[in-house]
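Step one of this worksheet: look at the structure below.
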Amino acid sequence: MKKIALHWQILVGMLLGIILGFVLTLVHWGPSFISDWVKPIGTIFINLLKLIAVPLIIASLIKGISDLKDISKFKKMGGRTVLIYIATTVVAIIIGLTLVNIFQPGAGITSETIEKLTNTYAGNTKISSRIAEASKQQSSGPLQFLVDMVPKNAIQAMSNNKMMLQVIFFSILLGICMLLVPEKESKPLKKFFDSLNSVILKMVDVIMLMAPIAVFSLLANVVVTADDSDILLALLKYALIVVSGLICMVLVYMLLIKFYVKKSPLWFLKQISPAQLLAFSTSSSAATLPVTMERVEEHVGVDQEVSSFVLPVGATINMDGTSLYQAVAAVFIMQVLWPEGLTFSNQLTIILTALLASIGSAAVPGAGMVMLVIVLETVGFPPSSLPIGLALIFAMDRPLDMLRTTINVTGDATVATIIAKSLGKIKKPVPKNRDDEL
């Protein structure tokens with residue numbers, strides 16, 4: 001298996017997992033077998049990736065900033081990063097709104113389908129929890145996201161992957177302060193983080209050895225826990241709109257790679273494909289972050305000074321795929337349940353709200369639906385219809401979550417490459433074998 005490229009190993013694992021899942025849906029004991037004996041392997045893999053996400057962010061961010069030597073370089077990189085992330089998110093939302101208004105998938109949903117979906121999902125505990133979480137976020141003040149960014153306790157922030165912004169804030173502050181003190185005083189601390197960074201990157205290599213088996217486990221579990229196929233078929237038009245928008249977003253990224261970075265889009269996609277496949281399997285940008293950083297640095301050639309800042313920030317604030325999905329889902333729900341609310345001003349509100357909601361959203365499965373509730377409530381969607389609206393899209397949420405997370409990760413890698421190009425920080429890639437020094 002050593003001679004087979006990692007992305008092919010992962011693809012084979014995904015394919016075998018899907019086949020096993022479909023086969024075991026034909027026997028009554030299949031789902032319980034997957035749950036008891038197959039799913040735990042995927043869960044362990046995701047836990048391992050999450051385990052090293054925070055140490056990797058801390059080590060790589062502090063190393064990257066301290067390597068800059070000049071604080072003005074960090075200011076330039078930070079400004080460009082935020083502006084490009086905002087720009088790509090706005091483009092994604094506009095693409096989603098354009099497609100959903102042209103093709104109007106909500107026009108094909110019958111009252112019988114709405115009733116069936118409502119009976120199936122309206123009382124779902126996940127939907128209730130998403131609405132409650134969104135209400136909690138909306139009751140906060142306009143600057144609450146800034147308050148939430150600053151940790152009261154750095155150690156506590158490091159204990160929870162949902163507090164990634166707080167970890168990033170602490171790491172950036174520590175890295176900047178290391179630049180502000182005399183070099184001889186910061187040198188011992190810098191050597192520690194340099195060493196920690198190297199060890200964590202090797203941990204990524206070791207964990208990735210089980211990636212093909214892990215995605216086999218994850219995809220098998222997704223298949224056996226899939227929802228009613230009749231309901232999925234009824235929502236196929238809506239899903240196709242979302243998928244079409246996501247494909248358009250990939251084309252936008254590839255145009256940037258082709259004409260600005262001056263690299264082959266196909267070459268770029270090949271280099272980051274293991275990160276994309278893991279994002280698809282795990283539905284988590286945060287869990288995929290260690291792999292994304294490794295692929296962008298070693299296989300695309302982005303300098304660690306850039307990737308160590310741009311990618312962790314992107315995993316937290318750059319949600320292009322999720323924002324596009326929200327735009328389509330919000331208008332789709334309104335087409336079905338509240339067509340009179342589809343005014344031009346409300347759609348402008350959707351653009352602004354989806355953009356703001358994406359900043360600081362947790363890079364974990366299910367965060368997109370919380371953001372969707374915020375978007376719908378902001379445009380004045382009837383509260384009584386909100387559970388029904390979420391029930392409309394809940395059946396398709398998991399597969400679409402897998403796809404939009406893939407786009408989120410692709411966007412992160414694209415922006416990191418663009419920033420590196422603008423700063424002259426792209427070098428010749430130096431890939432390392434997964435089993436080096438094992």
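Only the coordinates and a few stated rules stand behind these numbers; no lab work does. This one's a predicted model, so the numbers in the text were calculated from it and none came from an experiment. FYI the Cβ positions are ideal-geometry reconstructions off the backbone, even for glycines, and counts take in every protein chain you see.
Neighbours of residue 305, meaning other residues whose beta-carbon lies under 15 angstrom from its beta-carbon, give a summed charge of +4 when Lys and Arg score +1 and Asp and Glu score -1. Near the amide H of residue 381, within less than 5 Å, lie no amide hydrogens of residues on another chain or at least 5 residues away, with H placed in the peptide plane.
Projecting label points 7 angstrom from Cα along Cα→Cβ for residue 94 and residue 248 puts them 1.1 nm apart.
Taking neighbour counts of Cβ atoms within 10 Å as a proxy for exposure, in what order, fewest first, do 147, 224, 291 appear?
Working: 147 9, 224 21, 291 25.
In increasing order of surrounding Cβ atoms, one gets 147, 224, 291.
For the pair segment 146-200 / segment 13-44, the C-alpha centres are spaced 40 Å from each other.
Pop the C-beta distance of residue 16 and residue 430 into the FRET formula with R0 = 30 Å and round what comes out to the nearest 0.05. Kindly include the intermediate steps, with their values, before the conclusion.
Numbers: r = 32 Å, r/R0 = 1.06.
Computed FRET efficiency for residue 16 and residue 430 comes out at 0.40.
Residue separation of residue 147 and residue 116 scaled by 0.36 nm, minus their Cα-Cα distance, works out to 6.9 nm of gained length. Counting other Cβ atoms within 10 Å as a rough exposure proxy, the listed residues 260, 85 run 260, 85 from fewest neighbours to most. Legend: distances between Cα atoms for 152/191; 190/428; 63/262; 73/202; 116/237; pairs beyond 19 Å are 152/191; 190/428; 63/262; 73/202.
As a proxy for reagent exposure, 6, 278, 165 were ordered by neighbouring Cβ count within 10 angstrom, fewest first; the result is 6, 165, 278. With each label modelled as a point 7 angstrom along the Cα→C-beta vector, the residue 180-residue 349 pair spans 4.2 nm.
Cα gyration tensor of segment 45-104, axes a ≥ b ≥ c as square roots of the eigenvalues: rounded (a/c below 1.5), prolate (a/b > b/c) or oblate? Before the final figure, lay out each step's value.
Details: a/c = 7.89, a/b = 1.55, b/c = 5.10.
Oblate, because a/c is 1.5 or more while a/b does not exceed b/c.
Taking a ≥ b ≥ c as the square roots of the Cα gyration tensor eigenvalues, with a/c under 1.5 meaning rounded and otherwise prolate when a/b beats b/c, else oblate, which class fits segment 6-422? Mind dumping the intermediate values first?
Working: a/c = 1.76, a/b = 1.38, b/c = 1.28.
Judged from the Cα gyration tensor, segment 6-422 comes out prolate (a/c at least 1.5, a/b above b/c).
Look at where the Cα atoms of segment 319-350 and of segment 73-98 average out, and the two centres are 20 Å apart.
Could you work out the helix-only [θ] at 222 nm for the chain, with each DSSP H run of four or more residues adding -39,500 (n - 2.57) and the total divided by the number of residues, to the nearest 500 deg cm²/dmol?
Details: 20 runs with 331 residues, N = 438.
The helix-only estimate for the chain comes to -25000 deg cm²/dmol at 222 nm.
Approximating the spin labels as points 7 Å out from Cα along Cα→Cβ, the residue 255-to-residue 75 distance works out to 3.4 nm.
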